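Read the structure below first, then the notes.
The values are calculated or read from the model by the stated rules, or taken from the named source; none is laboratory data. As the structure is a computational prediction, the values presented were derived from the model and not from experiment. Heads up, the Cβs are rebuilt from the backbone with ideal geometry, glycines too, and the neighbour counts pull from every protein chain shown.
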Amino acid sequence: MRRNLLLLFAILLVLKSQAIEPPGFPNAINSALGNAGITHHNFWSALNYSQNLAYQEKFMIGSSYQNKFGVKELKTVTIGAVIPLENSGLGIGISQFGFSEYKETNLHLGYGKSLSEVLSIGVGLNYFKLSQAGINQNLIYAEIGISYKINNELTFGIHLSNPNLIQTKDSILSERYQVGFGYQVQKNIHLYADVSYNSKDQAQVHTGLEILRKDFAIRMGYSSLSNQLSFGFGYQRKNLVIGFSTSLHQDLGFSPTISLAYAL
């Protein structure tokens with residue numbers, strides 16, 4: 001037991017050697033695309049990037065499970081819902097990572113609104129709690145994002161989480177800035193490229209490819225963080241959307257993710 005705990009804390013030390021970024025909602029779609037999802041319009045993207053709530057047309061609920069490196073204690077469980085409104089949308093969700101001795105919990109409320117046929121904006125409010133060996137820390141932070149459709153094929157997005165204007169040197173979370181593009185090569189082929197940055201780490205590049213075939217989707221991606229490769233697939237049948245992905249960390253191994261979303 002002691003050896004297992006030491007192993008867990010060693011893995012956490014590797015994972016948290018970078019700053020703790022705002023956690024968001026890990027899911028099979030974004031994971032398969034190398035976490036290049038700021039311009040991908042889907043249930044999970046709407047929870048992670050509030051500006052995409054403006055494009056949600058159905059009331060949906062969903063849940064996701066991610067297991068890092070096959071270690072059961074390093075799991076993330078999420079649940080959320082999106083509610084369409086007139087030219088806008090509302091998103092609520094909760095995610096939790098870790099185990100009894102180390103746990104990250106994030107509560108989220110987001111709102112997105114369409115300002116025109118090509119422009120949408122979103123804002124979000126989050127409550128983050130970090131529990132380590134019985135010591136609790138918490139933080140309330142904001143986020144804001146914009147999505148702009150340049151033309152029928154190219155979309156641009158930007159998203160700021162916990163921006164520097166509310167940062168302090170003792171903050172338990174870093175800020176995160178993201179910009180990204182989505183390009184429709186053909187009707188069933190899409191390319192995605194994002195760059196994310198915080199002041200404590202190097203900029204990270206995320207790229208993804210999605211191929212759609214009737215009710216199926218095949219996805220693959222790359223993230224410059226530890227040269228992670230990812231792959232996944234999705235299936236949509238009527239109101240049910242299922243996704244599976246796995247990513248490969250060059251030192252620690254595979255991290256599978258499964259996601260479910262259902263339109264009511």
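What is the one condition in (1) touching a Ser or Thr at 6+ places or on another chain (Cβ under 9 Å); (2) in contact (Cβ under 8 Å) with a residue 12 or more places away in the chain that Phe99 does not satisfy?
Checking Phe99 against (1) touching a Ser or Thr at 6+ places or on another chain (Cβ under 9 Å); (2) in contact (Cβ under 8 Å) with a residue 12 or more places away in the chain, the one that fails is (1).
Is there any pair with a first residue in segment 28-41 that is crowded, with 24+ Cβ neighbours inside 10 Å and a second that is among the polar types (S, T, N, Q) and part of a loop (DSSP other than H, G, I, E, B) whose Cβ atoms are under 7 Å apart and which are 6 or more apart or on different chains, and what are they?
Filtered contacts from segment 28-41: Ile29/Asn42.
Restricting to segment 43-57, name every residue that is part of a loop (DSSP other than H, G, I, E, B) and either at pLDDT 95 or above or closer than 16 Å to Leu109 by Cβ (or both).
Those that are part of a loop (DSSP other than H, G, I, E, B) and either at pLDDT 95 or above or closer than 16 Å to Leu109 by Cβ (or both): Tyr49, Gln56.
If a residue has to be out of contact with any helix residue (DSSP H, G or I) (no Cβ under 8 Å at 6 or more places or on another chain) and in a loop (DSSP other than H, G, I, E, B) to count, how many in segment 22-38 make the cut?
Summing the residues that are out of contact with any helix residue (DSSP H, G or I) (no Cβ under 8 Å at 6 or more places or on another chain) and in a loop (DSSP other than H, G, I, E, B) in segment 22-38 gives 6.
Cβ-Cβ under 7 Å, sequence separation 6+ or interchain: first residue in segment 228-249 and loosely packed, with under 15 Cβ neighbours inside 10 Å and of a type in the set (Ser, Thr, Tyr), partner part of a strand (DSSP E or B) and at pLDDT 95 or above. Which pairs?
If the second residue must be part of a strand (DSSP E or B) and at pLDDT 95 or above, the pairs left are Tyr235/Phe216; Tyr235/Ile242.
Select, from Ser131, Ser114, the only residue that is at pLDDT 90 or above, farther than 26 Å from Ser247 by Cβ and of a type in the set (Gly, Ala, Ser).
Ser114
I'd like to verify a number: residues in segment 86-108 that are of a type outside the set (S, T, N, Q), within 23 Å of Ile146 (Cβ to Cβ) and touching a helix residue (DSSP H, G or I) at 6+ places or on another chain (Cβ under 9 Å), how many?
Total satisfying the criteria: 6.
Would you be able to tell me the number of residues in segment 134-156 that are closer than 30 Å to Lys72 by Cα and either touching a strand residue (DSSP E or B) at 6+ places or on another chain (Cβ under 8 Å) or in a strand (DSSP E or B) (or both)?
So the answer is 7.
With Gly89, Gly112, Gly93 as the choices, which residue is crowded, with 22+ Cβ neighbours inside 10 Å and more than 17 Å from the chain's Cα centre (by Cα)?
Answer to the selection: Gly89.
Would you point out which residue out of Ser131, Ser116 is in a loop (DSSP other than H, G, I, E, B) and not charged (D, E, K, R)?
The match here is Ser116.
Under 7 Å by Cβ, and 6 or more places apart or on different chains, what pairs join a residue from segment 212-226 that is without any contact (Cβ under 8 Å) to a residue 60 or more places away in the chain with one that is in a loop (DSSP other than H, G, I, E, B) and of a type outside the set (Ser, Thr, Tyr)?
If the second residue must be in a loop (DSSP other than H, G, I, E, B) and of a type outside the set (Ser, Thr, Tyr), the pairs left are Leu212/Asn188; Arg213/Asn188; Ser226/Gln250; Ser226/Asp251.
If you take just the strands (runs of 3 or more DSSP E) that sit entirely in segment 157-264, which of them hold at least 3 residues that are within 28 Å of Leu139 (Cα to Cα)?
Passing ranges, in order: 176-186, 189-197, 204-213, 253-263.
Return the only residue of Val123, Val118 being surrounded by fewer than 20 Cβ atoms within 10 Å (Cβ to Cβ), farther than 14 Å from Gln56 by Cα and touching a residue at least 40 places away in the same chain (Cβ under 8 Å).
Step by step, each of Val123, Val118 is checked, and only Val123 is surrounded by fewer than 20 Cβ atoms within 10 Å (Cβ to Cβ), farther than 14 Å from Gln56 by Cα and touching a residue at least 40 places away in the same chain (Cβ under 8 Å).
Which of the residues spanning segment 168-213 are in contact with a strand residue (DSSP E or B) (Cβ under 9 Å, 6 or more places away or on another chain) and among the charged types (D, E, K, R)?
Passing the criteria: Glu175, Arg176, Lys187, Asp194, Glu210.
Looking only at residues that are under 21 Å from Leu115 (Cα atoms) and surrounded by fewer than 17 Cβ atoms within 10 Å (Cβ to Cβ) in segment 58-82, which one is modelled with the lowest pLDDT?
So the residue we want is Lys58.
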